[in-house]
């Protein structure tokens with residue numbers, strides 16, 4: 001399937017996995033809108049993508065907090081006004097607060113759930129009618145933390161376990177409308193998530209462009225077939 005002249009909206013597309021997906025889609029000729037809570041950061045990321053040698057599609061930078069339902073509706077409306085349709089919605093924006101339960105604050109819990117889970121609910125509610133019109137694709141970025149729990153991860157685990165289940169249920173709700181719904185569950189990815197500084201020690205990890213290639217392949221797959229939940233992890237981990 002040729003992706004040229006299709007349109008995508010990626011939340012949290014200014015950095016990390018979202019940026020890698022945006023790069024890969026623009027290289028395929030997709031017109032992509034990326035969002036960030038900071039318009040400056042979104043515009044900086046968009047400019048980097050415009051300067052790519054393989055840049056074929058258009059890139060649009062928008063400001064949005066996924067915790068704001070009205071903002072999500074406004075962004076979808078902006079994309080429809082700009083390009084007339086929405087083919088792909090990638091719910092990527094996420095946060096991580098990690099602490100033992102006795103140290104985790106109510107504010108950290110709420111921020112994690114509201115961003116990683118409720119923000120995705122808002123995303124599908126804002127985009128579902130547009131995706132019905134194109135028989136489009138709604139993709140969430142969960143995590144292996146959505147099936148594997150760990151100490152200090154109560155909020156993050158809860159949000160990603162919930163996101164994985166939410167996505168699978170939505171897939172069943174919308175399949176008869178022609179909307180494909182899937183989730184990707186990455187393991188260790190070399191990104192700046194949670195203020196991590198990426199360096200050569202992260203070479204063993206999944207790279208953001210790897211997830212971008214995976215998404216391109218998923219969107220190109222014939223619509224009759226749907227990988228509804230994809231786990232992806234580094235081939236090898238460092239020897240201990």
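The values are calculated or read from the model by the stated rules, or taken from the named source; none is laboratory data. Being a predicted model, the structure only gives us computed values, none of them experimental. Methodologically, a virtual Cβ is constructed for each residue, glycine included, from the backbone with ideal geometry; neighbour enumeration extends over all protein chains shown.
So, in the stretch 1-15, of the ones that are over 10 Å from the mean Cα position of the chain (by Cα) and outside any loop (DSSP other than H, G, I, E, B), which residue ends up surrounded by the fewest Cβ atoms within 10 Å (Cβ to Cβ)?
Among residues in the stretch 1-15 that are over 10 Å from the mean Cα position of the chain (by Cα) and outside any loop (DSSP other than H, G, I, E, B), the one surrounded by the fewest Cβ atoms within 10 Å (Cβ to Cβ) is 7.
For the stretch 56-71, what are the residues that are surrounded by fewer than 18 Cβ atoms within 10 Å (Cβ to Cβ), touching a helix residue (DSSP H, G or I) at 6+ places or on another chain (Cβ under 8 Å) and not in a loop (DSSP other than H, G, I, E, B)?
63, 69
Considering the stretch 190-232 alone, what residues qualify as being closer than 24 Å to residue 95 by Cα, surrounded by 21 or more Cβ atoms within 10 Å (Cβ to Cβ) and out of contact with any helix residue (DSSP H, G or I) (no Cβ under 6 Å at 6 or more places or on another chain)?
Within the stretch 190-232, just 206 meets the criteria.
Is it true that residue 80 is in contact with a strand residue (DSSP E or B) (Cβ under 7 Å, 6 or more places away or on another chain), modelled with pLDDT of 95 or more and surrounded by fewer than 21 Cβ atoms within 10 Å (Cβ to Cβ)? First the steps, then the outcome.
Working: in contact with a strand residue (DSSP E or B) (Cβ under 7 Å, 6 or more places away or on another chain): no; modelled with pLDDT of 95 or more: yes; surrounded by fewer than 21 Cβ atoms within 10 Å (Cβ to Cβ): yes.
In short, no.
Evaluate the following for residue 85: is it within 26 Å of residue 225 (Cβ to Cβ), surrounded by fewer than 21 Cβ atoms within 10 Å (Cβ to Cβ) and either under 15 Å from the mean Cα position of the chain (by Cα) or touching a residue at least 60 places away in the same chain (Cβ under 8 Å) (or both)? Can you show your working first?
Values: within 26 Å of residue 225 (Cβ to Cβ): yes; surrounded by fewer than 21 Cβ atoms within 10 Å (Cβ to Cβ): yes; either under 15 Å from the mean Cα position of the chain (by Cα) or touching a residue at least 60 places away in the same chain (Cβ under 8 Å) (or both): yes.
The answer is yes for residue 85.
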